[in-house]
Amino acid sequence: MKKWILVMAAFAFIFASIPGVNADDSEALKGAEKKVWEEWCNKIPKERCIKIDEFKKLYDRVMAGEEKAYLIDTRTHPEFYAGHIEGTDHVHSGSMYTIPKKIKDKDAKIVVWCRTRKRGSYVGGFLTMYGYTNVWLYEEGIVGWIKAGYPLCNYFMGKFQVTEYHKYFTGKYKKGPNVGKEKDPYNIREFHPY
C-alpha cells in the first residue's frame, strides 16, 4: 500500500511540474495573449479600421470599377466555400505569406477581414510588417455583413440570403440562451467546424 501511495505521489509531482499543466500558467498565457493582441491591433491605424457601412460603400465602388482595392477574406477554406462576399478574394490566414507573390505594389489598397476581426487583424498586422502601406481592416467581418442583410454566394447555390447568423454547434464555442439545447444533427464531417 505504501508503495502505491509513493508511486501516485511521484506521478502527481511530475504531472504538476509539466509546463502548461498548472492552472497558473493558463492565466499567464491568457494575459500574454491579450497583451500581444493589443499590440497587434495598433499595427493598423484606427482610421483604417472600418465598419460595415464604410466597407459596403468601398465594396460597391470596387465592384463598379470606380476604385481599385484588394478585398481579401482571410477565413479558412471551409468557411469561405460555405459562403462568402461575391467578387472578393480569398487568402487563408495561415497562407498570408503568399500575398507578396500576388500583390507586388506596396502601396496597393488592401482590405482584410475574417469571421469577426481576430484573424483579419493579425493578417493586416503582418502585411504592414511586410511593408504594405495601405492596409485596411474591415472589423465586423462576415458576421457583420450577414447581420446587415447583405447576400453571400458559393459555388453550389450562387447568391443567397442568410436571414440570421446562428452558430448551431454545441460545446464550449456556443454562446447564448440555447446552449446545450440543440444537437448538431451531423455525425460525420470532413472538416471540423472550428
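Some notes on this structure:
- Of all residues in segment 118-161 being in a loop (DSSP other than H, G, I, E, B) and touching a Phe, Trp or Tyr at 6+ places or on another chain (Cβ under 8 Å), the one that is nearest to Trp40 (Cα to Cα): Glu139
- Yes/no for Tyr97 being touching a Pro at 6+ places or on another chain (Cβ under 9 Å), more than 25 Å from Lys159 (Cβ to Cβ) and either of a type outside the set (A, V, I, L, M, F, W, C) or modelled with pLDDT of 95 or more (or both): no
- The numbered conditions (1) exposed (fewer than 14 other Cβ atoms within 10 Å of the Cβ); (2) modelled with pLDDT of 95 or more; (3) of a type in the set (D, E, K, R) are all true for Lys2 except (2).
- Set side by side, the residues Thr163, Thr133 differ, and just one is at pLDDT below 95, out of contact with any Ser or Thr (no Cβ under 7 Å at 6 or more places or on another chain) and either of a type in the set (Ser, Thr, Tyr) or buried (at least 16 other Cβ atoms within 10 Å of the Cβ) (or both), which is Thr163.
- Check on Ile44, in contact with an Asp or Glu (Cβ under 7 Å, 6 or more places away or on another chain) and modelled with pLDDT of 90 or more: no
- Subset of segment 59-113 (residues that are surrounded by fewer than 17 Cβ atoms within 10 Å (Cβ to Cβ), in a helix (DSSP H, G or I), over 17 Å from the mean Cα position of the chain (by Cα) and touching a residue at least 24 places away in the same chain (Cβ under 8 Å)): Met63, Pro100
- Being loosely packed, with under 11 Cβ neighbours inside 10 Å, modelled with pLDDT of 80 or more and not charged (D, E, K, R) is not true of Ala10.
- Test: residue in segment 70-86 that is more than 13 Å from Trp145 (Cβ to Cβ) and among the charged types (D, E, K, R): no
The values are calculated or read from the model by the stated rules, or taken from the named source; none is laboratory data. A quick note: this is a predicted structure, and the numbers were derived from the prediction, not measured. Cβ atoms come from the backbone with ideal geometry, glycine included; neighbour counts cover every protein chain shown.
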